[in-house]
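Participant: Structure below; questions to follow.
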Amino acid sequence: MKFTRVLLVAVMASAAFVPALFAQRDFLTSDEVDQVRLTQEPNERLKLYLKFAENRLNLVDQLLKTNKPGRSLLIHDALDDYSKIIDAIDTVGDDALRRKLPIDKGEVDVVKSEKDFLTKLNQVEPANPPDISRYNFVLQQAIDATGDSLDLSQENVGKRGSEIASHDAKEEKQRESMMRPSEVAEKKKAEAAEQEKKKKQPTLYRPGEKKPDQ
């Protein structure tokens, strides 16, 4: 009976420990989060994320040149953060295209930088660091994420925008197929009201006038 109670306590302790062990770690520092929040323009936000990604790779490069105790964990985390930053770059681009905002300048920077990133990442494994087995998996993930992002950034912007719109429309249909007819009708009504509200937004332009870029 005593053994059973001890085992139960051990299991409960383990159950409490597991969520903490696998808790999602923030991939940006609090200062970086503030910088992103203050940078709303898509092209500038892409450049900002590229700077963060470069910082992570520079950290990996510095760590690989030292025999600092526990460096393998630091390299692992830096590469993991890097991959998430690359994903964020793709998200910024997709979101801008959904809102029909230009990202041409930012994408030029993304292509140039990601080519350099890919070169640096592909140099790690051939150098055969002694602790490579401890972070090789996230290294390969970083290489794959960078390659996929580079392909996406080199894709024609118009084609990419069309693919995003098609994907969103498909997902919207799937969501509506799981809703009751009354819920779909209410959703359509809300969307129509929102569109009407946008049309009625006040403007300082006189009838017949257009914005300078139109």
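Participant: Mind checking which residues of the range 82-115 are over 21 Å from Asp26 (Cα atoms) and free of Cβ contacts under 8 Å to residues at least 24 places away in the same chain?
Facilitator: Result: Arg99, Val108, Lys112.
Participant: Which one is nearest to Ala127 (Cα to Cα), of the residues in the range 63-116 that are β-branched (Val, Ile, Thr) and touching a Leu at 6+ places or on another chain (Cβ under 9 Å)?
Facilitator: The selected residue is Ile75.
Participant: Restricting to the range 59-92, name every residue that is among the small types (Gly, Ala, Ser) and in contact with a Lys or Arg (Cβ under 8 Å, 6 or more places away or on another chain).
Facilitator: Ser72, Ala78
Participant: What are the residue pairs meeting all of these: first residue in the range 45-70, first residue within 22 Å of Gly93 (Cα to Cα) and without any contact (Cβ under 8 Å) to a residue 40 or more places away in the chain, second residue of a type in the set (Ser, Thr, Tyr) and in a helix (DSSP H, G or I), Cβ atoms under 6 Å, and 6 or more apart or on different chains?
Facilitator: These pairs meet every condition: Arg56/Tyr82.
A quick yes/no check of all residues on (1) at pLDDT below 95; (2) on the phi > 0 side of the Ramachandran plot; (3) of a type in the set (Val, Ile, Thr):
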| site | (1), (2), (3) |
| --- | --- |
| Leu73 | no, no, no |
| Lys84 | no, no, no |
| Ala88 | no, no, no |
| Pro102 | yes, no, no |
| Lys112 | no, no, no |
| Asp116 | no, no, no |
| Leu139 | no, no, no |
| Ile143 | no, no, yes |
| Gly147 | no, no, no |
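Participant: Would you check which residues across the range 117-145 are surrounded by 13 or more Cβ atoms within 10 Å (Cβ to Cβ) and either among the small types (Gly, Ala, Ser) or under 20 Å from Asn43 (Cβ atoms) (or both) and list them?
Facilitator: Passing the criteria: Phe117, Ala142, Ala145.
The values are calculated or read from the model by the stated rules, or taken from the named source; none is laboratory data. This structure is a prediction, so every number in the text was calculated from the model and none was measured. Note: ideal-geometry Cβ built from the backbone for every residue, glycine included; neighbour counts use all protein chains shown.
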